[in-house]
1. Gly107: buried (at least 19 other Cβ atoms within 10 Å of the Cβ) and at pLDDT below 90, yes or no?
2. Are there any pairs with C-beta distances below 6 angstrom linking a residue in region 30-52 that is in contact (Cβ under 8 Å) with a residue 24 or more places away in the chain and in a helix (DSSP H, G or I) to a residue that is of a type in the set (S, T, N, Q) and surrounded by 16 or more Cβ atoms within 10 Å (Cβ to Cβ), with the two at least 6 apart or on different chains, and if so which?
3. Going through Ala135, Ala207, Ala142, Ala153 one at a time, which residue ends up being touching a Leu at 6+ places or on another chain (Cβ under 8 Å), surrounded by fewer than 16 Cβ atoms within 10 Å (Cβ to Cβ) and in contact (Cβ under 8 Å) with a residue 40 or more places away in the chain?
4. Please determine, by comparing only the residues of region 180-201 that are closer than 21 Å to Gln141 by Cβ and out of contact with any Leu (no Cβ under 9 Å at 6 or more places or on another chain), which one is surrounded by the fewest Cβ atoms within 10 Å (Cβ to Cβ).
5. Scan region 30-45 residue by residue and report those that are surrounded by 14 or more Cβ atoms within 10 Å (Cβ to Cβ) and more than 16 Å from Leu117 (Cβ to Cβ).
6. When you scan region 163-179, how many residues do you find that are modelled with pLDDT of 90 or more and surrounded by 14 or more Cβ atoms within 10 Å (Cβ to Cβ)?
7. If only one of Gln141, Gln130, Gln123 is out of contact with any Asp or Glu (no Cβ under 9 Å at 6 or more places or on another chain), polar (S, T, N, Q) and modelled with pLDDT of 85 or more, which one is it?
8. With the structure loaded, tell me whether Asp74 is outside any helix (DSSP H, G or I) and either of a type in the set (S, T, N, Q) or at pLDDT below 90 (or both) or whether it fails that test.
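The values are calculated or read from the model by the stated rules, or taken from the named source; none is laboratory data. Everything numeric here is computed off the predicted structure, so don't read it as measured data. Glycine gets a Cβ as well: all are built from the backbone with ideal geometry, and neighbour counts include every protein chain shown.
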Amino acid sequence: MQDVPKTTTSVPGLRERKKQATRNAIAEAAVRLAAEHGVENVTVEAISEAAGVSPRTFFNYFSSHDDAFVMIDDEVGERIRQSVRDAPADLTPLDAVREAIVAELDGFEDRQELWALQAQVLQRSPHLIQRGLNAHVADEQALAVTLTEWLDATRSGTGGPGGYGIYPRLVAAVSHTAMRIAFEYCCTHPEETVLTDAFQEAFVHLAHGLPRPTE
């Protein structure tokens with residue numbers, strides 16, 4: 001297998017980290033207010049006040065009122081994609097994505113309550129479900145593109161880019177589904193497992209081809 005050129009992962013500077021922190025604070029304030037009062041009763045002004053910013057600053061980060069309820073921790077997807085880009089060539093594509101996501105689950109417990117609140121908000125607001133689905137699909141497609149690039153960069157032998165058909169999209173989709181199922185399971189069985197364990201279990205089943213479970 002050919003050597004993979006090392007890539008330099010850029011570390012966000014202080015300015016960028018501050019911007020992301022402000023964006024996360026606005027999104028968290030929006031979700032918490034919506035969980036308590038309902039999306040329809042939460043204004044941009046109320047969100048801005050709770051986050052400690054001005055309404056003008058709100059629109060520097062979100063193009064609309066509804067976006068703030070959907071886009072929490074939106075930088076996670078790019079970090080996962082960067083981890084896939086940097087993954088060793090000898091990993092399977094499924095393992096490359098699994099390891100990238102597991103790295104993001106470290107310390108997840110600190111964010112679990114907020115993610116659960118966001119899920120409740122979306123369920124209570126049908127008009128947000130499509131917006132959330134669109135964001136999910138876009139993230140999934142971006143991961144599939146990253147997987148295609150990684151497959152090309154790590155393929156053995158010589159030649160041009162390969163034709164992978166639906167494979168990259170399928171790996172991205174089942175990975176996202178495994179994450180969602182693990183999260184939902186942990187929310188409904190909080191005493192039985194932690195998210196990382198549930199997610200790893202999901203990937204064990206996927207790697208084995210989903211055979212009938214044994215006792």
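1. no
2. As it stands, the answer is Val31/Gln118; Val39/Ser125, since those pairs meet every condition given.
3. Just one listed residue meets the conditions, Ala207.
4. In this case the residue turns out to be Arg180.
5. Val44 - this is the single residue of region 30-45 that is surrounded by 14 or more Cβ atoms within 10 Å (Cβ to Cβ) and more than 16 Å from Leu117 (Cβ to Cβ).
6. Within region 163-179, residues that are modelled with pLDDT of 90 or more and surrounded by 14 or more Cβ atoms within 10 Å (Cβ to Cβ) number 11.
7. Details: Gln130 fails: modelled with pLDDT of 85 or more; Gln123 fails: modelled with pLDDT of 85 or more.
Result: Gln141 is the single residue among Gln141, Gln130, Gln123 that is out of contact with any Asp or Glu (no Cβ under 9 Å at 6 or more places or on another chain), polar (S, T, N, Q) and modelled with pLDDT of 85 or more.
8. Working: outside any helix (DSSP H, G or I): yes; either of a type in the set (S, T, N, Q) or at pLDDT below 90 (or both): yes.
In short, yes.
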